[in-house]
1. Just to check your reading of the model, which residue among L98, L144, L77 is open to solvent by 10 Å² or more (accessible area, probe 1.4 Å) and either closer than 17 Å to T282 by Cβ or not in a helix (DSSP H, G or I) (or both)?
2. Filter the range 1-16 down to the residues that are more than 9 Å from the ligand (Cβ to nearest atom) and part of a loop (DSSP other than H, G, I, E, B), then identify the one that is surrounded by the fewest Cβ atoms within 10 Å (Cβ to Cβ).
3. What are the residues in the range 20-30 that are more than 7 Å from the ligand (Cβ to nearest atom) and open to solvent by less than 70 Å² (accessible area, probe 1.4 Å), if any?
4. Go through the range 379-399 and give me each residue that's out of contact with any Leu (no Cβ under 9 Å at 6 or more places or on another chain) and either of a type in the set (A, V, I, L, M, F, W, C) or modelled with pLDDT under 95 (or both).
5. Does the range 310-322 hold any residues that are surrounded by 18 or more Cβ atoms within 10 Å (Cβ to Cβ) and farther than 30 Å from E76 by Cβ, and which are they?
6. Is it the case that L98 is more than 16 Å from the ligand (Cβ to nearest atom) and either over 29 Å from the mean Cα position of the chain (by Cα) or not charged (D, E, K, R) (or both)?
7. Give the residues of the range 337-391 that are in contact with a Lys or Arg (Cβ under 7 Å, 6 or more places away or on another chain), over 23 Å from T307 (Cβ atoms) and of a type in the set (A, V, I, L, M), sorted by residue number.
8. Looking only at the range 20-30, which residues are among the hydrophobic types (A, V, I, L, M, F, W, C) and in a loop (DSSP other than H, G, I, E, B)?
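The values are calculated or read from the model by the stated rules, or taken from the named source; none is laboratory data. Model, not experiment: these values are computed from the prediction. Cβ coordinates were reconstructed from backbone atoms using ideal geometry, including for glycine residues, and neighbour counts include every protein chain displayed. Side chains are part of the model used for accessible areas, which takes the heavy atoms of the whole protein and leaves out ligands, DNA and RNA. Shrake-Rupley method; radii C 1.70, N 1.55, O 1.52, S 1.80 Å.
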Amino acid sequence: MPMTALDIFKLLAKKNCGECGVPTCLAFAMMLANKQTELSKCPYVSPEAAQQLETSALPPMRAVAVGDLQVGGETELFRHEKKFLNPTAYAMVIEDDLDDEIIVDRARQLDAMKYERIGIVSGVDLIAVKAKGDAKRFSDVVTLVKDNSGLPLVLMSDDPLIIEEGLKLVSKSKPLIYAGTVGNCASMANLARQYMCPLTIYSDDVDELISLSEIAKGEGVEDVILDLNLGAKSLRDALEWLTILRRLSVKKLFRPLGYPVMLNLDNGTDIETQAIKAAIGTMKYASLIIFGNLDPARLYPLTTLRTNIYTDPQALIQVNPGLYDIGKPNRNSPVIVTANFSLTYFTVASDIEASKVPARLLVVDTEGLSVMTAFAADKLTPEKIAQALEEYKVAEKVDHRKLVIPGMIAMLKMKLEDLTGWEVIVGVKDSSALPKYLKELATE
Ligand code: SF4
């Protein structure tokens with residue numbers, strides 16, 4: 001747990017001299033606890049107290065950058081306590097004993113494996129190049145993958161000489177080194193420090209993993225990812241250890257294990273088990289998952305799950321209010337009103353697209369609430385719709401004066417007509433009925 005103001009106060013010099021800019025040490029301690037000032041403003045902190053305070057100010061779990069991805073850095077055990085910060089990253093393995101053509105195809109496919117849901121694009125995040133042969137073949141394959149994909153890389157081998165050949169080619173993009181083990185940790189850590197890349201440390205045994213973490217730290221490597229071989233354990237054991245490791249880092253502030261944890265499923269696990277373990281790992285508490293292989297049909301639900309887990313539970317997902325063209329509307333195309341809750345927008349927009357009737361979607365600022373919730377909370381009112389009509393200059397873009405409102409807010413019709421002078425048409429209650437409704441509207 002982070003230090004309280006009282007804990008910090010106990011470590012201060014208690015001179016109440018005011019040199020730090022506030023009149024008392026207690027006031028300074030309170031500001032420090034709230035991160036409103038810096039320790040360096042007090043000239044009387046002893047070196048021992050400074051070290052204690054600086055250590056306690058470190059985040060409980062280190063955030064590690066792999067390429068342009070951030071993993072870890074989590075502060076909570078439960079999402080509802082605040083939010084989870086960096087979505088679980090998904091990596092797919094390419095083994096270097098495959099034919100070049102297959103490697104090129106696979107790298108391109110993984111690069112393109114992207115899904116969009118409620119405006120968030122998600123997919124495969126990294127490619128793990130796995131050495132099966134010698135250093136020359138490994139470096140050739142790293143080059144092939146790098147040239148055919150923009151995804152960050154994981155370099156996988158037990159041999160530091162092979163890893164170094166890969167690092168010589170791609171260290172600028174900060175690939176993840178996999179892995180430092182009992183036999184090679186110092187050499188791998190050396191490479192991580194020399195090429196300034198993150199390092200995975202791997203052991204089946206938690207005490208050994210702690211020793212490896214200390215070796216890496218001793219070599220000056222701060223960016224570490226932990227692999228306790230949980231991908232090979234039973235689902236129950238994997239979940240138990242993922243929970244223990246998260247608890248140790250965010251609740252107990254146990255620094256040697258205060259790093260992101262990975263789940264390596266590239267161990268012959270069948271594809272169904274990989275998907276199930278990955279779902280558990282995404283929910284609790286894997287920061288990185290390596291798959292041997294996974295087809296889009298299984299990856300898509302995982303990315304959807306990940307999006308759900310890593311959205312901020314205290315912030316509604318919204319789209320910007322405005323007038324959106326769906327298809328290629330002309331001056332006679334219908335204008336349809338909706339709310340700016342993201343899920344509402346994307347559902348209505350895709351139902352309009354499905355109708356093949358181009359339309360304009362007038363998205364009213366309902367502060368991210370859905371239609372009925374916004375109506376109940378007075379966030380979707382005739383005045384707000386009239387204001388949106390005005391603000392987004394809808395009258396300048398169409399020749400008619402007809403506005404389709406959701407069937408659930410039919411009671412706004414009269415007042416909206418009075419306010420705007422537009423004919424208000426009460427549309428369907430459920431967006432799924434829009435395709436049929438719009439086709440009928442177009443033939444009227
Ligand atoms: Fe206390 Fe240091 Fe501030 Fe003086 S400068 S009041 S000793 S915290």
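1. After applying the criteria, what remains is L98.
2. M1
3. G21, A27, A29
4. Selection gives V398 alone.
5. Within the range 310-322, P321 is the sole residue that qualifies.
6. The answer is yes for L98.
7. Answer for the range 337-391, where residues must be in contact with a Lys or Arg (Cβ under 7 Å, 6 or more places away or on another chain), over 23 Å from T307 (Cβ atoms) and of a type in the set (A, V, I, L, M): V357, V364.
8. Matches in the range 20-30: C20, V22.
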